[in-house]
Amino acid sequence: MCEDVLLKRVPKGLGVYIHIPFCKSRCIYCDFVSFVDKNYEEYTEYLLKEIDMYSEYLSAGVSTIYIGGGTPSIFPLDGVGRILERLSKYANLDEATIEVNPDSLSEELAKGYKDLGINRLSMGLQSADDIVLKKSGRLYDFETFLRKFDLARRYFDNINVDFIVGLPGESWKSIQENVRFINDFQPDHISIYMLEVHGENGNQILKRPDEQTFQRYEMFLDAVKNLGYERYEISNFAMNGKYCLHNLKYWFNTDYIGLGIAAGGHIGFIRYNNYESLNDYFIAISEGKLPRVYEVVNTPEREALETLFMSLRTKWGVNIEYLKEKTHVDVSEILDILKRRFDFFDGVKLSEKGMDFSNLFFVTMLNIWEEYFK
């Protein structure tokens, strides 16, 4: 149950997410906030100031750090070091992850990250098919990825590899190549996402997933499970229990601080997002203000709903009593309604089939919730 996972798996203390918004170039499918500017030094200085603004919260202790982007592996190593050093007085780390792109990973970086206390890498492969990589604007081919994965393995025994299904040029052969890579190299953790299309990126309009894309997605998921990976969250698979501890904080809606532009955080019942503009971010911090463009104090009902949405993405589901203790909201009747309506929901968690139909389930849950609490 959710409570058991919180006690046994989710490290106590805060999670800290750090957004590094710089890239060499924009991939055509990317919807994250990133820039090709190189004002690394200035950004580092403002990140350090933002860390200091959270000293009261951080003093409770930091157990996980996740450095994402953008492309953190193009950010200077000494900048990463300064950020981690500033957090070190608060940290008793169970996990520290950094995202890396294969084209920018070097032996110097891999060793440097290890020396800084980073113990987990997340590598963005997206596809083992060179046709897909080229059409998606990735700056490497599959052979390059294999060399860099081998390099990473020399320093790290916990590596995640990201895949996206539905990219331009994808075929059934693409999925077979993905599965072959996983079978041969056995990364510790795999994330598999369906392409999300939000209109036009650059000069190319990405195609929304069609029926064949969904079939390839299902084939990919089945193959990964058959290789012995545990689907512990809708899009995430682990070997030998190597879950992403930082992401468990998101999925069970515990406390985490987001630092940098476009980063989001959740502290108690407060949820916030930072400015997406570098200029707005710099100005706010220069004025001694937290650089938040959005901030809300959740009602108990909203907090309960967010916790349901997130925890029901996992294989463990939700613990009703824990949720009631946290928010003083009783959700048992709503879950009973959902249990009667869906044969893939047992009142606590979704089955494998339920994970595949999670969009339908969550839309229905939201409609029932709004009717119940109107």
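The values are calculated or read from the model by the stated rules, or taken from the named source; none is laboratory data. All of these numbers come straight from a predicted model, not from anything done at the bench. Here the Cβ is made from the backbone with ideal geometry for all residues, glycine too, and neighbour counts use every protein chain on show. Note: accessible area is taken over every heavy atom of the protein model, side chains too, but ligands, DNA and RNA are not part of it. Shrake-Rupley method; radii C 1.70, N 1.55, O 1.52, S 1.80 Å.
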Over the chain, with every protein chain in place, what whole percent of the accessible area is carbon and sulfur at 1.4 Å, could you tell me?
49 percent
Mind ranking 329-339, 313-323 by how tightly packed they are, going by the mean number of other C-beta atoms within 10 angstrom, highest first?
313-323, 329-339
Below 8 Å, C-alpha to C-alpha, sequence gap of six or more: please give me the relative contact order for the stretch 16-149 in percent.
25 percent
What whole-number volume per residue, in cubic angstrom, does the convex hull of the C-alpha atoms of the stretch 318-363 give?
72 Å³
Based on a Kirkwood Rh over C-alpha pairs, give the Stokes-Einstein translational diffusion coefficient of the chain at 37 °C and viscosity 0.692 mPa s in µm²/s.
151 µm²/s
Along the stretch 262-272, Karplus-curve 3J(HN,Hα) (6.51, -1.76, 1.60; θ = phi - 60°) to the nearest Hz, with x for Gly and Pro, reads 6, 6, x, x, 9, 10, x, 9, 8, 10, 8
Work out the P(r) tail for the stretch 294-374: percent of alpha carbon pairs separated by more than 17 Å, whole number.
41 percent
Compute the relative contact order of the stretch 76-149 as a whole-number percentage, counting only Cα pairs closer than 8 Å that sit 6 or more residues apart in sequence.
33 percent
Return the single residue from Asp37, Asp141, Asp162 with maximal mean-square fluctuation; model: Gaussian network over the chain, springs between Cα atoms under 10 Å.
Asp37
Measuring with a 1.4 Å probe in the full set of protein chains, what accessible area per residue, in whole Å², belongs to the chain?
45 Å²
Kindly provide log₁₀ I(q)/I(0) values, in the same order as q = 0.15 Å⁻¹, from the Debye equation applied to equal alpha-carbon scatterers of the stretch 105-178.
-0.53
Taking 8 Å as the Cα distance limit and 6 or more residues as the minimum spacing, I'd like the relative contact order of the chain as a percentage.
16 percent
When the stretch 283-330 is reduced to its Cα atoms, the Kirkwood hydrodynamic radius in Å:
12.8 Å
Tally Lys and Arg at +1 and Asp and Glu at -1 over the other residues with C-beta under 14 Å from the C-beta of His328: what net charge comes out?
-2
Write down the percent of antiparallel bridges among all DSSP beta bridges whose residues are both part of the stretch 93-246, to the nearest 5.
35 percent
Taking a ≥ b ≥ c as the square roots of the eigenvalues of the Cα gyration tensor, with a/c under 1.5 meaning rounded and otherwise prolate when a/b exceeds b/c and oblate if not, the stretch 158-287 is oblate
The equivalent-ellipsoid semi-axes of the stretch 229-341, taken as the square roots of five times the Cα gyration tensor eigenvalues and listed largest first in whole Å, are 31, 20, 10
When the chain is fully extended, how far beyond the present Cα-Cα distance does Thr144 get from Asp255, taking 0.36 nm per residue of separation?
36.2 nm
